[in-house]
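Report on one structure; see the data block that follows.
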Amino acid sequence: MIASLIRFSRVLAAGTAAMTMLSLSACNNVTPAMPNTPVTQPEQAAAPMMQAVVGDYADAGYENRSQGYDWVGVMVRSAGNEQIDIKVRARSDIKKPTCHFDGTARLMGQDKAHGVIFQTKVNDSTAFFQFKDGKLTIDSQDKYALNQFCSGGGTLVGDYQKLSSDLDLT
């Protein structure tokens, strides 16, 4: 009986030692990174709020561009979960463009009454980009701060309708 207990304790000790070694070696089981292999993060689906604001917008003159009317368009692209890139361009095919602006705006907030509002600093003032019901409204605390980006007395301040297709810059 004592001989069997000694054998059992030896088997138990060997089994425990083997399990301990196995579990410790599993902790160090790391596969080295392959050289020159880029590590990519899984793409996250854009938040519904960002999907609603991303797109191209244009002022009322855009519809009459074929008749030679001047127009201003705004291209809005996602730059993260709470940030957008904004590019404002004006007609440039038959005359010098009247407006040009490139900027980034951060999410200020959203609610049903006001839609989604982004803001950015422009010329020591804050510019607001309000998106609601397929319309973008650009405004500022100082309305003249947004005149610098346009010539001929123009301004970025105003309303822009969301387009169903990409902005035609010609």
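For the range 132-160, a tally of residues being open to solvent by 80 Å² or more (accessible area, probe 1.4 Å) and under 20 Å from the mean Cα position of the chain (by Cα) returns 1. Does the range 69-92 include one or more residues that are open to solvent by 70 Å² or more (accessible area, probe 1.4 Å), more than 17 Å from M50 (Cβ to Cβ) and out of contact with any Asp or Glu (no Cβ under 9 Å at 6 or more places or on another chain)? Looking for residues that are open to solvent by 70 Å² or more (accessible area, probe 1.4 Å), more than 17 Å from M50 (Cβ to Cβ) and out of contact with any Asp or Glu (no Cβ under 9 Å at 6 or more places or on another chain), one finds none in the range 69-92, hence no. N64 falls short of the stated requirement of being touching a helix residue (DSSP H, G or I) at 6+ places or on another chain (Cβ under 8 Å) and surrounded by fewer than 16 Cβ atoms within 10 Å (Cβ to Cβ). Strands (runs of 3 or more DSSP E) fully within the range 105-170 that include at least 3 residues being of a type in the set (A, V, I, L, M): 115-122.
For the range 98-122, give me each residue that is surrounded by 14 or more Cβ atoms within 10 Å (Cβ to Cβ), hydroxyl-bearing (S, T, Y) and within 13 Å of I86 (Cβ to Cβ). Answer for the range 98-122, where residues must be surrounded by 14 or more Cβ atoms within 10 Å (Cβ to Cβ), hydroxyl-bearing (S, T, Y) and within 13 Å of I86 (Cβ to Cβ): just T120.
The values are calculated or read from the model by the stated rules, or taken from the named source; none is laboratory data. Note that the structure is predicted; figures quoted are calculated from it, not measured. Backbone-built Cβ (ideal geometry, glycine too); neighbour counts: all protein chains shown. Just so you know, the surface numbers come from the protein's heavy atoms only, side chains and all, with ligands and any DNA or RNA stripped out. Shrake-Rupley method; radii C 1.70, N 1.55, O 1.52, S 1.80 Å.
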